[in-house]
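What follows draws every value from the coordinates through simple rules; no lab data is involved. The structure presented is a predicted model; accordingly, all values stated were derived computationally and were not measured. Using ideal geometry, Cβ is built from the backbone for each residue, glycine included, and neighbour counts are taken over all protein chains shown.
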Amino acid sequence: MNVRRVVLDVDKGLNRPTLLELALAIERVPGVDAVNVSVTEMDMETMGTIITVEGTAIDFNILIENIEDTGSVIHSVDEIAVGKKLIESIRRNE
């Protein structure tokens, strides 16, 4: 399966791993071309992030393993895109 994009809701420790350490762990995953880590919330001990990963044939299992190996916790997979090309989501008005 050609995994092209994964968006994850991830919590990490406030000081470790650093955002750079987390991004580098993700960048080492086979198939990853780009990583974006955005901070969504902070408290006394943890930092909430949204992580977007793009590439070609991203190894999903190694992606999850590398994130967890940093001590971070994955709350949810919010988006996954597979196939020959990426389709941008269209938001509908409610």
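Charges at C-beta only: +1 for Lys and Arg, -1 for Asp and Glu. How large is the resulting dipole of the chain about its Cα centre, in Debye rounded to 20? All intermediate terms of the calculation are to be shown ahead of the outcome.
Numbers: 9 positive and 17 negative charges, 96 e Å.
Magnitude of the dipole: close to 460 debye.
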### Query
Dividing the alpha-carbon Rg of segment 1-89 by 2.2 N^0.38 Å yields what?
1.04
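For a protection proxy built on the mean count of beta-carbon atoms within 10 angstrom, sort 51-63, 77-89, 13-25 highest first, please.
Working: 51-63: 18.0, 77-89: 10.8, 13-25: 14.0.
Averaged packing, sorted descending, gives the order 51-63, 13-25, 77-89.
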#### Entry: Cα→Cβ-extended label distance, 7 Å offset, between Arg16 and Ile74, nm
2.3 nm
### Summary
With the charge dipole of the chain built from beta-carbon charges (+1 for Lys and Arg, -1 for Asp and Glu) about the Cα centre, the Cα from Ile87, Ala23, Val39 projecting farthest to the positive end belongs to Ile87
